[in-house]
Amino acid sequence: MQRSTPSNLLIIYKVSEIGNNMYKLAERLFPICRSITGDGFRQSLHILCEQHPEIQVFEVPSGTQVFDWTIPNEWNIRGGWIKNLQGETIIDFQDCNLHVLGYSLPIHAKVSREELLEHVYTQPDEPVWIPYVTSYYQERWGFCMSQRQKEQLTDAEYEVCIDSTLAPGHLTYGELILPGDTDDEILFSTYLCHPSMANNELSGPCLQTALISYVKSLPVRRYTYRFVFVPETIGAITYLSRNLQTLQQHVKAGFVLSCVGDERTYSMVGTKYEDTLADKVLRNVLHFHYPDYRHYPFLKRASDERQYGSAGVDLPVCAFCRSKYHEYPEYHTSADDMSFISPEGLEGSYEVMTKVIQALEHNRYYRMTCPCEPQLGKRGLYPTISQKGIYDAFRAIQNFTAFADGRNDLIDISNILQIPVDQLVHIKDQLLQEQLLTAE
Amino acid sequence: MQRSTPSNLLIIYKVSEIGNNMYKLAERLFPICRSITGDGFRQSLHILCEQHPEIQVFEVPSGTQVFDWTIPNEWNIRGGWIKNLQGETIIDFQDCNLHVLGYSLPIHAKVSREELLEHVYTQPDEPVWIPYVTSYYQERWGFCMSQRQKEQLTDAEYEVCIDSTLAPGHLTYGELILPGDTDDEILFSTYLCHPSMANNELSGPCLQTALISYVKSLPVRRYTYRFVFVPETIGAITYLSRNLQTLQQHVKAGFVLSCVGDERTYSMVGTKYEDTLADKVLRNVLHFHYPDYRHYPFLKRASDERQYGSAGVDLPVCAFCRSKYHEYPEYHTSADDMSFISPEGLEGSYEVMTKVIQALEHNRYYRMTCPCEPQLGKRGLYPTISQKGIYDAFRAIQNFTAFADGRNDLIDISNILQIPVDQLVHIKDQLLQEQLLTAE
Amino acid sequence: MQRSTPSNLLIIYKVSEIGNNMYKLAERLFPICRSITGDGFRQSLHILCEQHPEIQVFEVPSGTQVFDWTIPNEWNIRGGWIKNLQGETIIDFQDCNLHVLGYSLPIHAKVSREELLEHVYTQPDEPVWIPYVTSYYQERWGFCMSQRQKEQLTDAEYEVCIDSTLAPGHLTYGELILPGDTDDEILFSTYLCHPSMANNELSGPCLQTALISYVKSLPVRRYTYRFVFVPETIGAITYLSRNLQTLQQHVKAGFVLSCVGDERTYSMVGTKYEDTLADKVLRNVLHFHYPDYRHYPFLKRASDERQYGSAGVDLPVCAFCRSKYHEYPEYHTSADDMSFISPEGLEGSYEVMTKVIQALEHNRYYRMTCPCEPQLGKRGLYPTISQKGIYDAFRAIQNFTAFADGRNDLIDISNILQIPVDQLVHIKDQLLQEQLLTAE
């Protein structure tokens, strides 16, 4: 099921520059060891800022109270290894930065096999993969390794070293606001706090970076767009603690972008009551783009939509994924590497989200200006010969005029007529031009 | 599938005078060549006026602006033919008035085979039927014929003649209003603009004529009834342009009657949101009358419900059919002739629509006058012996009293109890008489 | 299908003292001949009063108008028999009190076989069972017997004797109100008017008597509890005629308890629109307790929920049963005897109804006090290590906090999370203690 390399691949989808650029950005970010705080996150965010220098970077001090939480100390790591007493390296952070438990305390000591094993994390059901494990809010030291590697720890004693620091510092996040004609907002949020894993989570920041370019390129923007790059959970909570009222006032729809780079499927996680504009537009676009997409209820949430949809926050924010976190075996392991994502996979997600943006920009309540059907024939929009069987091509326009009665927005009409929004945009523009339609 | 002649038919349904009269009226109207304007329509409407002289006839001049449309010139036709150069008639309007394209320009000329074929319309999938084709809003001349006939046009040259006129005149329509106790209205609308075709559309005007007699015969009428005979589309638009506000104020339910004379099935086309009294009553009556009836959504509309349900008009008007237009093969061809409809077919439609009228007349919100179940036993409405298994026959009354709580109208109660309205009318009348019930 | 005696039974459910006590109470009440009025009802109610002396007993005179009904004369019976002319007893009330038609007039006469047969009621489809038949509102005399017994009435003449009185007296009912912190009420209603039948209806009064003890034992009560023991139909109507306004003002949910002692299934009869708190809580508890329970719509009602749900009363009252009246063959026959019910059957119903009471007591709208998810880890409610696969046990708390947004009561949350209310009570109490939650 893993992605074939392009040379082996039967190319059925021609990937554009945009897909390739997202993939290249992911390749550049991949080696950096990120966490919810620290220089890895900071360095990664600065790489994104190269493309969009307007991204504002915020630093929030350790110890700051953010709702029910406290920002932890900043964690940084330079290396880590286990050696046997002959000095042979058994595992090394340089080979794979998942080897050190996230937020591990520093240590340099000789430890017995027994003690070491208490600090070792593996994933026995996938014996050659290294799991990604963290301990943000309880101080521990630890190593992650494959089950195979663990089984080879047969010596009585080992030398272990973790060269990390855990000390007051800052939590870092980035924010970019692109203003539109109104202060109604569309929110995009992604997280940049994982070490070397590709789908979860370099795909999200890379897609979001491309979407910023796309939104910048729009000749007009009805909505204001807000893009947020945070560490997961604590970062979203921090961001919300500083912006809750503004977000509740302005955000009309939002999307957490995560795990958007593979080619297996498309998925969304709905909001709590599945009744928001975010649910509506994403469902509509996915329905036409990839009818077999998977819809997960809010009970299956697991990323920052947890915070955006929490009680007391209640923002209209869905999550958008290809293979959803927790649902693909490679999730949170060393197997979620650069071969698991592809330019094509990223580009598919880019298409969905740009269609979402287009649908939102055009989504208004439309109303015909004149009672009864308009005479489409005299405008070249309907055949002048009336004979059985020749209507179908024109039916969409006629149906559009019937439902443009002020009760339906463009997405509603798309759902009723079962025609994608982008095709309706053309009809709507024709009718607007003929002054047969007004937008509300 | 075509209707057998009565002599061959195993009579399982005894048709009454009413069915026969509708069929005879259709037979009389059949030969006339009607169109959306002209003497054919006028003459046909006057035949209906013989039965109901109160029908008011309106004439609206060509060129009148009606919403987005303009009333076209009046079209009249005396004849038309194609002859070969030996003077032999190939096809002739006298044989079948579908042979001339509706609204065809006059012509009398020798034309090459190639030129003629550009003006010939056929229906290749049914090679012996002549299709019904029109060109109301683009000036053309043309002939319709069977595919077989077209294949025999092998000469190099033909003489063609269409003796028609297309000149300023009028659009004609008829209207009859039968006042009731309130000015809440029930609307019936049908069209009379088709040449010699029987189901579509002589069945509609014939049924409507019979319904006028039925409504006249009612001893009391809660509703005011409005009956409209128009040319399709342009006629409905013209009528709406002159009566929109009145209709929007008063019409509580309306029905377009079309294709109501065959015996194959029953159908209805719902309103846009399927939430009107018209949808509710027609659905209820059809459900009990013919449970396998076909329900079409508004997206499948094709007759004047298009205008009545258009944005900005939004009247509660369904279409009622037996085999729905566009859904039976004979539709808009010479095969839709007098053998396709029958007195039985028309009478079945008459029964449905008179049940609809009855249901509407009795449809009120009912409320019991006394809390708890009434003591039905002392009124002879319930058994005085209480033993297992003897309740069922009385259960309907008891259930009626439970749901007569002011929240349900009679049709709602029918839907809940799954008992046809006409059976509930009897129960309701008993309870009203016992002063156990009030109507709201 | 009848209940095995405990010695034969593979005990999979250990019945408690409570189940045994209910069964013993039923055994004591069983021999008494009850009817809708008279000493049998009075005596039975006084036996219940031994356990709960606070039950108030009301006596309403014959002839009293109660809504559309009149309280009938009081009926009492001492005996009844049929003998042949040789003086041999054919059937005797002493053997089974179902033998005399309920509310039978007194008679002592020699009658011909023909005349006798006009006064004999049987149930031919179950030829050895004696049916239960009554004639409350039409004066008659009569005997009930098995079809077999009837077939043996071959003599020409018989002596018949019914030693009953039907004379002005009273209708008796009992009521107990246990006040709570609010005057919002939960209503339980059952009937005590059937002669020797066990499931219908000694099981209801026995369960209700046990529930009174349970409610008394609650350390705190948010709701006020009202327990009503009436004769069926006329008793419920009498009770409503005297308490309608109070009930409409205060009752938030009510339950008719009937046929609750067998072991076959569980059932409920919904209210008219199935939208009340009673429907909601009973559905929720049954769903988790016995997922295959049967839900009957209001159209299948047949006990006092008929009156509580009647037009103009419209109280939120469901019926709760195991095998529902009218749905089990033994219903209203001599086969509904003490072997048809069991301590286990009664105890199962007791469990359901005490869960209903618990769910109602805890059922509030809850709201988190702090935006975003709370930090459950620092309170020991969430793991401090973040690794795939270890979250599930903690997920319920997290999900609870998401839906505790003020829009859902505890039963809603149970339905959304698919976790029984009693498990959520624990979570809710923890969060309340942590001051993360408020109740509204």
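The values are calculated or read from the model by the stated rules, or taken from the named source; none is laboratory data. All values reported here derive from a predicted model rather than from experimental measurement. Methodologically, a virtual Cβ is constructed for each residue, glycine included, from the backbone with ideal geometry; neighbour enumeration extends over all protein chains shown. When the accessible area is computed, the model is the full protein with side chains, heavy atoms only, and any ligands, DNA or RNA have been set aside. Shrake-Rupley method; radii C 1.70, N 1.55, O 1.52, S 1.80 Å.
For segment C:102-160, which positions are within 14 Å of chain B (Cβ to nearest Cβ), part of a loop (DSSP other than H, G, I, E, B), polar (S, T, N, Q) and in contact with a strand residue (DSSP E or B) (Cβ under 8 Å, 6 or more places away or on another chain)? Hits for segment C:102-160 are C:Ser104, C:Thr122, C:Gln123, C:Ser135. The numbered conditions (1) free of Cβ contacts under 8 Å to residues at least 60 places away in the same chain; (2) within 14 Å of another protein chain (Cβ to nearest Cβ); (3) open to solvent by less than 30 Å² (accessible area, probe 1.4 Å) are all true for C:Asp279 except (2).
The single condition among (1) at pLDDT below 95; (2) open to solvent by 10 Å² or more (accessible area, probe 1.4 Å); (3) more than 10 Å from chain B (Cβ to nearest Cβ) that C:Arg322 does not meet is (1).
Could you please find all residues in segment A:136-148 being under 25 Å from A:Leu166 (Cβ atoms) and either at pLDDT 95 or above or over 29 Å from the mean Cα position of the chain (by Cα) (or both)? Hits for segment A:136-148 are A:Glu139, A:Arg140, A:Trp141, A:Gly142, A:Phe143, A:Cys144, A:Met145. Checked against (1) at pLDDT 95 or above; (2) open to solvent by 60 Å² or more (accessible area, probe 1.4 Å); (3) within 25 Å of the chain's Cα centre (by Cα), A:Lys14 passes all but a single condition, namely (1). Pairs linking a residue in segment A:205-217 that is under 14 Å from A:Leu48 (Cβ atoms) and free of Cβ contacts under 8 Å to residues at least 60 places away in the same chain to a residue that is open to solvent by less than 10 Å² (accessible area, probe 1.4 Å) and polar (S, T, N, Q), with Cβ atoms under 8 Å and 6 or more positions apart or on different chains, are A:Gln208/A:Thr190. What are the residues in segment B:299-325 that are within 17 Å of B:Cys193 (Cα to Cα) and assigned to a loop (DSSP other than H, G, I, E, B), if any? Correct list: B:Ala302, B:Ser303, B:Asp304, B:Tyr325.
On the basis of being under 13 Å from the mean Cα position of the chain (by Cα), within 14 Å of another protein chain (Cβ to nearest Cβ) and more than 18 Å from A:Thr182 (Cβ to Cβ), does A:Pro231 make the cut? When the stated conditions are applied, A:Pro231 passes them.
Among the residues that make up segment A:357-373, is at least one of them within 14 Å of chain B (Cβ to nearest Cβ), in contact with a Gly (Cβ under 7 Å, 6 or more places away or on another chain) and over 23 Å from A:Asn284 (Cβ atoms)?
The initial filter retains those residues of segment A:357-373 that are within 14 Å of chain B (Cβ to nearest Cβ), namely A:365-373.
Right, trim to in contact with a Gly (Cβ under 7 Å, 6 or more places away or on another chain) and you get A:365, A:367-368, A:370-371.
Applying the additional criterion that residues be over 23 Å from A:Asn284 (Cβ atoms) yields A:370-371.
Within segment A:357-373 (the criterion being within 14 Å of chain B (Cβ to nearest Cβ), in contact with a Gly (Cβ under 7 Å, 6 or more places away or on another chain) and over 23 Å from A:Asn284 (Cβ atoms)), the answer is yes, since at least one residue qualifies.
Inspection of segment B:331-354 finds a residue satisfying the criterion of being within 10 Å of chain A (Cβ to nearest Cβ) and outside any loop (DSSP other than H, G, I, E, B).
Identify the residue in segment B:288-306 that is of a type in the set (A, V, I, L, M, F, W, C) and out of contact with any His (no Cβ under 7 Å at 6 or more places or on another chain) and, among all such residues, is nearest to B:Lys272 (Cα to Cα). Talk me through it step by step, then tell me what you get.
Looking only at segment B:288-306, we keep the residues that are of a type in the set (A, V, I, L, M, F, W, C), and these are B:288, B:298-299, B:302.
From what's left, out of contact with any His (no Cβ under 7 Å at 6 or more places or on another chain): B:288, B:298-299.
On the way: B:Phe288: 23, B:Phe298: 5, B:Leu299: 8 Å.
Among them, the one singled out is B:Phe298.
Sub-9 Å Cβ pairs linking a first residue in segment C:112-129 that is under 11 Å from C:Tyr158 (Cα atoms) to a second residue that is open to solvent by 40 Å² or more (accessible area, probe 1.4 Å) and of a type in the set (S, T, N, Q), at least 6 apart or interchain, are C:Arg113/C:Thr154, ordered by first then second residue. In segment C:203-224 there is at least one residue matching the filter, namely being open to solvent by less than 50 Å² (accessible area, probe 1.4 Å) and assigned to a strand (DSSP E or B). For segment C:331-340, residues that are closer than 19 Å to C:Ser303 by Cα and either over 17 Å from the mean Cα position of the chain (by Cα) or open to solvent by less than 10 Å² (accessible area, probe 1.4 Å) (or both) total 2. Checked against the criterion of being touching a residue at least 40 places away in the same chain (Cβ under 8 Å), within 30 Å of B:Leu360 (Cα to Cα) and not hydroxyl-bearing (Ser, Thr, Tyr), the candidates B:Gly142, B:Gly180 yield just one match: B:Gly180. State whether one or more residues within segment B:36-48 are assigned to a loop (DSSP other than H, G, I, E, B), among the hydroxyl-bearing types (Ser, Thr, Tyr) and under 24 Å from the mean Cα position of the chain (by Cα). Yes, because at least one residue in segment B:36-48 is assigned to a loop (DSSP other than H, G, I, E, B), among the hydroxyl-bearing types (Ser, Thr, Tyr) and under 24 Å from the mean Cα position of the chain (by Cα).
Find the residue count for segment A:398-413, including only residues that are within 13 Å of chain B (Cβ to nearest Cβ) and either under 15 Å from A:Glu361 (Cβ atoms) or among the hydrophobic types (A, V, I, L, M, F, W, C) (or both).
Looking only at that region, the number is 5.
A single entry from B:His295, B:His287 fulfils the requirement of being part of a helix (DSSP H, G or I) and either open to solvent by 30 Å² or more (accessible area, probe 1.4 Å) or within 14 Å of chain C (Cβ to nearest Cβ) (or both): B:His287. For segment A:234-258, the tally of residues that are without any contact (Cβ under 8 Å) to a residue 60 or more places away in the chain and either crowded, with 24+ Cβ neighbours inside 10 Å or more than 14 Å from chain C (Cβ to nearest Cβ) (or both) stands at 1. Residues in segment A:361-420 that are modelled with pLDDT under 95 and hydroxyl-bearing (Ser, Thr, Tyr): A:Tyr382, A:Thr384, A:Ser386, A:Tyr391.
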